[in-house]
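Everything below concerns the one structure shown next.
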Amino acid sequence: MKSINDSLNKLANNQGFKERFETLKSEVLSDRNVQDFLRKNRDQLDEDIVERGLIKMHEFKGQSKECQDCPSLQSCVNMIKGYQPKLVIDGKNIDVTYERCPRKVTEDERKEQESFIQCLYVPKDILGASMSDIEIEQGRLEAIKLVRDFVREYEPNKKMKALYLHGSFGVGKTYFLGAIANALAEKKVKSTIVYVPEFLRELKGSFQDKTFNEKIEYVKKVPVLMLDDLGAESVTSWMRDDVLGTILQFRMLENLPTFFTSNLNFQQMKHHLTYTQKGEEEELKAARIMERIKTLATPVKVEGENKRNK
């Protein structure tokens, strides 16, 4: 049996192979990115190293750099999706390593940011909310200022009052919460946005699968909690005292910021919490809840056009 070296030598002496090799060599060495690499590293390279590295440089040349040949991350044309090649010198050889492309970096940062935000029963498009996209209107200037102040000044374990955003339907109160959550996520701060009516319905069903305490504990202890559309739920003693009261009492004692949105102002909210579905009037218990809300958040009215009608 002939040795591998004999076979390779015979192949190398083949005229057709030589022509193809020279063509490949010319294509590789004429590539602008390859030339840049060779020029920057000329002190470490000689002809033999360059010859041995032709295959690696060909691998590098044939792939997209800086996403220039890729229509999207999902349609990446490279050997490893989302990673672009980089030529390096490894001892006396030229090699190819792979690093994240710009689109992959952006996507990873987006996913990391989303991981800091938990949305319970809130539309996922709220995850796209940003402070810069909040519409500047006369009726929301105070809310915008207070929101920006909170985000700028927030520090873990620092005693801070959050906001009780109240106003009519569709003025963007929930969008404010999404923007706050995203701004905090950029600071690596975890937050949870909870749509209150659906959360309460979920809790009622969690007695059967024994996850009630787990869900309550999570909401109690999240660094920044945002209770969306408080007041849209039907009031029961259980909801008001055992759920809302328990959550707010813990967060008040632990100085954990808690935001609220509601169509009701403080006075209207107290009235809402006073009367249960059964017609019971429990003003003292409602007052206790309101004291916790007032301790946790500063009321601010949000006004403007109904964005849902646009």
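Could you give the Stokes-Einstein D for the chain in µm² per second, using the C-alpha Kirkwood radius, 10 °C, 1.306 mPa s?
66 µm²/s
Starting from the Cα of residue 270, draw a straight line to each of the lysines and keep only those under 16 Å, dropping any in the same chain fewer than 8 residues away.
Cα-Cα hits under 16 Å: 285, 294.
What does the charge dipole of the chain about its Cα centre add up to, to the nearest 20 debye, if the Cβ of each Lys and Arg holds +1 and the Cβ of each Asp and Glu holds -1?
Once rounded to the nearest 20, the dipole reads 220 debye.
At 0.36 nm per residue, and after removing the present C-alpha to C-alpha distance, how many nm does the segment from residue 153 to residue 281 gain when stretched out fully?
Between residue 153 and residue 281, full extension yields 42.0 nm more.
What per residue convex hull volume, in Å³, do the alpha-carbon atoms of region 16-127 yield?
Enclosed volume per residue, from the Cα hull, is 133 Å³.
Round to the nearest 10 and give me the degree value, 0 to 90, for the angle of helix 196-209's Cα axis relative to the longest principal axis of the chain.
With both axes taken from Cα atoms, the answer is about 80 degrees.
Name the trypsin sites (Lys or Arg not before Pro) in region 259-308 that are in a loop by DSSP and that have at most 16 other C-beta atoms within 10 Å, would you?
Details: sites: 270, 278, 285, 288, 292, 294, 301, 307, 308; in loops: 278.
Answer in residue order: 278.
With r defined as the distance between the Cβ atoms of residue 58 and residue 100 and R0 fixed at 30 Å, what FRET efficiency is calculated, to the nearest 0.05?
On the way: r = 22 Å, r/R0 = 0.75.
E(calc), rounded to 0.05, equals 0.85.
Just name one of 230, 185, 212: the one whose Cα is farthest towards the positive end of the charge dipole of region 151-232 (beta-carbon charges, Lys/Arg +1, Asp/Glu -1).
Positive-most Cα among the choices belongs to 185.
What is the angle, in °, between the Cα long axis of helix 102-115 and the longest principal axis of the Cα atoms in the chain? Nearest 10 is fine, range 0 to 90.
So the inclination is approximately 30 degrees.
Just how large is the dipole of region 163-263 about the Cα centre, in debye to the nearest 20, putting +1 at every Lys and Arg Cβ and -1 at every Asp and Glu Cβ?
Working: 12 positive and 12 negative charges, 52 e Å.
It comes to approximately 260 debye.
Using C-alpha positions alone, give me the convex hull volume of region 43-194 per residue in cubic angstrom. If you can, show how the numbers build up before the last one.
Values: hull volume 28.6 nm³, N = 152.
Expressed per residue, the convex hull around the Cα atoms of region 43-194 is 188 Å³.
What angle, in degrees between 0 and 90 and rounded to the nearest 10, separates the Cα long axis of helix 173-185 from the longest principal axis of the Cα atoms of the chain?
On a 0 to 90 degree scale, this one is about 50.
Only four residue types carry charge here, +1 at the Cβ of Lys and Arg and -1 at the Cβ of Asp and Glu. Report the dipole size of region 9-114 about the Cα centre in Debye, rounded to the nearest 20.
Once rounded to the nearest 20, the dipole reads 200 debye.
When averaged across all projection directions, what area in nm² does the alpha-carbon convex hull of region 183-310 cover? List each step's numbers first, then the result.
Working: hull surface 38.1 nm².
Averaging across all directions leaves 9.5 nm² for the Cα convex hull.
When the chain is treated as a GNM, springs tying every alpha-carbon pair under 10 Å, which of 59, 107, 198 comes out with the largest mean-square fluctuation?
Its mean-square fluctuation being the largest, the pick is 59.
Looking only at 230, 127, 203, which one moves most when the chain is put into a Gaussian network model with springs between Cα atoms under 10 Å?
For the chain, modelled as a Gaussian network with Cα springs under 10 Å, the answer is 203.
Taking all protein chains together and a probe of 1.4 Å, list 275, 164, 195 from the most accessible to the least accessible. Write down the numbers at each step before the final one.
Numbers: 275 95, 164 0, 195 65 Å².
So, going from the largest accessible area down, we get 275, 195, 164.
Which whole-number value in Å² is the accessible area per residue of region 29-99, probe 1.4 Å?
63 Å²
Applying 1/(1 + (r/R0)^6) with R0 = 41 Å to the Cβ-Cβ distance of residue 79 and residue 160, what FRET efficiency is obtained, to the nearest 0.05?
With R0 = 41 Å, the Cβ-Cβ based efficiency is 0.25.
Using the Cα centre of the chain as origin and beta-carbon charges of +1 (Lys, Arg) and -1 (Asp, Glu), tell me which of 164, 67, 79 is placed farthest towards the positive end of the dipole.
164
Which pairs, out of 104/301; 124/161; 220/278; 56/188; 56/81, put more than 29 Å between their alpha-carbon atoms?
Values: 104/301 40 Å; 124/161 26 Å; 220/278 27 Å; 56/188 40 Å; 56/81 18 Å.
Among 104/301; 124/161; 220/278; 56/188; 56/81, the Cα-Cα distance tops 29 Å for 104/301; 56/188.
For the chain, with all protein chains present and a 1.4 Å probe, just round the carbon and sulfur fraction of the accessible area to a whole percent.
The nonpolar share, carbon plus sulfur, comes to 49 percent.
Can you work out the Karplus-derived ³J(HN,Hα) for every residue in region 63-69? Use 6.51 cos²θ - 1.76 cosθ + 1.60 with θ = phi - 60°, whole Hz, and x for glycine or proline.
Per-residue couplings from phi come out as 10, 6, 10, 6, 6, 5, 10 Hz.
Nearest-5 percent of antiparallel DSSP beta bridges in the chain?
Percentage antiparallel, nearest 5: 30.
Can you give the accessible area of residue 75 in Å² (nearest 10), computed on protein heavy atoms with a 1.4 Å probe?
60 Å²
Ignoring ligands and nucleic acids, what accessible area does residue 250 show with a 1.4 Å probe (Å², nearest 10)?
Looks like 50 Å² after rounding.
Where does each of 58, 271 land when they are ordered by accessible area, with a 1.4 Å probe and the largest first?
The most accessible residue leads, giving 271, 58.
Could you calculate the FRET efficiency of residue 93 with residue 215 from 1/(1 + (r/R0)^6), where r is the beta carbon distance between them and R0 is 41 Å, rounded to 0.05?
Plugging the Cβ-Cβ distance into 1/(1 + (r/R0)^6) gives 0.15.
Would you work out the relative contact order for region 59-157, in percent, from Cα pairs under 8 angstrom that are 6 or more residues apart? List each step's numbers first, then the result.
Numbers: 69 pairs, mean separation 17.0, N = 99.
Relative CO of region 59-157 lands at 17 percent.
Rounded to the nearest 500, what is the 222 nm mean residue ellipticity of the chain from helices alone, with -39500 (n - 2.57) per DSSP H run of 4+ residues and division by all residues? Don't jump to the answer; show the numbers that get you there.
Working: 13 runs with 143 residues, N = 310.
One gets -14000 deg cm²/dmol as the mean residue ellipticity at 222 nm.
The values are calculated or read from the model by the stated rules, or taken from the named source; none is laboratory data. What you are looking at is a predicted structure, and each value in this text was computed from that prediction instead of being measured. With ideal geometry, Cβ positions are generated from the backbone for all residues, glycine too; neighbour counts draw on all protein chains shown. The accessibility values were calculated without ligands, DNA or RNA, using every heavy atom of the protein model including side chains. Shrake-Rupley method; radii C 1.70, N 1.55, O 1.52, S 1.80 Å.
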